Amino acid sequence: MQRKRPIEIPSCKDCKGRSKSKLFCNLSANELDKLSEEKGDNFYKKGQVIFYEGNRGHGLYCIHEGKVKVHKLGDEAKEQIIRLANKGEVLGYRSLLSNEPYNATATALEDCVICYLPRSKFMELLGSNNDLSFKTISLLTDDLRNSEDKIISITQKTVIERITEAILVLKEKFGLDDDGKTLSVTLTRREIGNIAGVTTETTIRTLSDLKKSGIINLNGKQIEILNLAKLTRLSNIVN
C-alpha cells in the first residue's frame, strides 16, 4: 500500500518512541543496530487491520507513530476492546512466545507507522539478553493483571463507574491535547462502550448525562474533561 505521506523511519537507536518501550529501552548500541538492520516498517490507514485473531504470528510489531486497539469478537459478533496501544508499545509478543495464533485482532485507530521484527530475530535477541527476557515476562504479568482488573470492573462496577473509568483510561494512555482538557484520541461511542463493556445506547446516554452535569463536554467524537476530580470520584478507581 502506498503511504499517504513520506515518512522516514529512524534507526532504533534514534527512535524517540524507544524511551516509552518497556522492551527495548535498555538495549545496547550493538543490539539496537542489529534491530535496525532486521526490521521492516509498514503504513496502516485508520481502520486498517494490522493482524487478525486466529492468524499465525510471524513477527513482533512496534508502534512508531499512531494509536492501535486490540479487540476480540464475543457473542453475536460483539466487539470487546481488550487493550489500547500507543507509540513505543509492542504488539503480538504473546503469540510469538506461545507459538500460537493471535488471540485478538489489532486495528489502527488512526494512520499508523509500525515497525516489524521477524520472530526468529526477536527470539534470538530474547535468548541472548536476560534483561529483555525479564521485561517480556513483566509485560505478560501486566497483561494478566489488567485482565483480572477488567473482569472485576465489568462484573462489579456500575455503568457510570465503567464509562468514567474508560474516559480516564483513555486520558492515561493517550494524554490530552494542547488545551489540557480534550482527549488526544478520537473514538466512536461504540468503541468507548466496548472498552467499558456496555452497549452503545447506554454509552450515549451516560455521556450525555455527564455532559449535563458539567463533568465533560462533547464536541462531535471528541471528549473534553471539564471536572477531572469529579470524574475520578465517579469512576471509583482504587489505587
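Just so it is clear, none of the values below were taken in a lab; they were calculated from the coordinates. Everything numeric here is computed off the predicted structure, so don't read it as measured data. All Cβ positions, even for glycine, are placed from backbone atoms using ideal geometry, and neighbour counts span all protein chains on display.
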**Asked** Relative to the Cα centre, what is the charge dipole magnitude of segment 1-117, using +1 at the beta carbon of each Lys and Arg, -1 at the beta carbon of each Asp and Glu, and rounding to the nearest 20 debye?
**Response** 300
**Request:** For segment 1-125, just the Cα set please: Rg and Dmax, both in angstrom.
**Result:** 14.5, 49
**Asked** Once fully extended, how much extra length lies between residue 28 and residue 110, figured as 0.36 nm per residue of separation less the alpha-carbon to alpha-carbon distance?
**Response** 26.4 nm
**Complete:** Interchain or sequence-distant (5+) residues whose placed amide H lies within less than 5 Å of the amide H of residue 27 are none
**Fill in**
The set of residues whose placed amide H lies less than 5 Å from the amide H of residue 59, leaving out same-chain residues fewer than 5 positions away, is 119
**Prompt:** Span-like helices, the chain: DSSP H, alpha-carbon axial extent 30 Å or more, mean Kyte-Doolittle -0.5 or greater, which ones?
**Reply:** 130-156
**Item:** Most mobile listed residue (195, 163, 215) in the chain, GNM with C-alpha springs under 10 Å
**Value:** 215
**Request:** Report the one residue of 77, 223, 144 whose Cα lies farthest in the direction of the positive end of the charge dipole of the chain (charges on C-beta: Lys and Arg +1, Asp and Glu -1; origin at the Cα centre).
**Result:** 223
**Prompt:** Where the centroid of each part is defined by its Cα atoms, how far is segment 75-147 from segment 192-239 in Å?
**Reply:** 29
**Fill in**
Given the candidates 166, 199, 126, the one whose Cα lies deepest towards the positive end of the charge dipole of the chain, counting +1 at each Lys or Arg C-beta and -1 at each Asp or Glu C-beta, is 199
**Message:** What are the ³J(HN,Hα) couplings of segment 104-111, residue after residue, when phi is run through the Karplus curve with 6.51, -1.76, 1.60 and θ = phi - 60°? Round to Hz, x for glycine and proline.
**Reply:** 7, 9, 10, 10, 6, 7, 8, 4
**Request:** Pick out which of 212, 67, 173 has the largest mean-square fluctuation in a Gaussian network model of the chain, springs linking Cα atoms closer than 10 Å.
**Result:** 212
**Debye, to nearest 20: dipole size of the chain, +1 on Lys, Arg Cβ, -1 on Asp, Glu Cβ** = 460
**Request:** State the percent of C-alpha pairs, over all pairs in the chain, separated by a distance greater than 21 angstrom.
**Result:** 60
**Message:** What percent of all Cα-Cα pairs in segment 43-101 falls into each 5 Å bin, going from 0 up to the bin containing the maximum distance?
**Reply:** 4, 17, 25, 27, 19, 7, 1
